[in-house]
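A short reminder: the numbers here are calculations on the coordinates, not readings from a lab. These numbers were taken from a predicted model, which means no experiment stands behind them. All Cβ positions, glycine included, derive from the backbone under ideal geometry; neighbour counts span all protein chains shown.
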Amino acid sequence: MKRVTLLLIVLLLCVGSPGSSLAQSPSCDAKDVVASFAQAVASETQQAWQTQYDTSDCSPDVISAADALYNAYASIEATTTEPPDCSSPDITPAVCDVFAQASSNTEFTSFENQPGSFTYDVGSDCKRSGKYGLKLDYDFAKQSGSGGWIIDWSNSSDGVFDGSAFKTLNFYAKGEEGNETFEIGLLDSSTTPGEEPKIVSKGKYPVSTEWTQITIPLTKFKGVKLNSLKNLNFGFNKAEGTGSICVDDIAFE
């Protein structure tokens, strides 16, 4: 709370008293962007504020600045969660090591629709921290198939994962050659698998041969019911071609 207060004081000193944060047509003036965000934080409507700017007629530079402001706030105020108890008999140690919010019977699984191929491995070859990391190998170049990897909550104690307290999805990734791409989706309990909103990494979240932190605001997954998530998935198809990606330290924050 002290950090929120300090952030608001700094913003208000810079731009003066803010007006309404959720006007029907948000102002594209830089000072108004900052002032309206300060008001949105004070009224806890910052996610709606970001969505409003993402769909506004402001210039790409202004929209990018609004996204950067929101992401900086989300990073500062990321929800702190207790690490899972990896000694629990119903939590697989490897799952617990890779995914920060592992709970009872959280499972890793995959799907493959041929032609093409997809495999994954949880081991030490792709670890960034701890004992385990995730390796995703895919080959759909000039193929019409698809495949991917899933964190599945269907058999967990609640049957779903409640992500409503979080603002971002964070993980680290690196590629075997660099410039690998992927799709990432969130499926809720009311959506048919395959119809969930997906974020395409190309042009937004570049992958290199070194570990890179990727942070995705959950507001980017339009329409998802965060309080009833069935799975989180990384997907690949013809657009992603052929490649190998390492992923580790996945967490909602």
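Summarising the label geometry, the points placed 7 Å from Cα in the beta-carbon direction at Lys31 and Ala239 lie 4.1 nm from one another. If you take the square roots of the eigenvalues of the alpha-carbon gyration tensor of the stretch 132-233 and sort them as a ≥ b ≥ c, do you get rounded (a/c under 1.5), prolate (a/b over b/c) or oblate? It comes out prolate by the Cα gyration axes.
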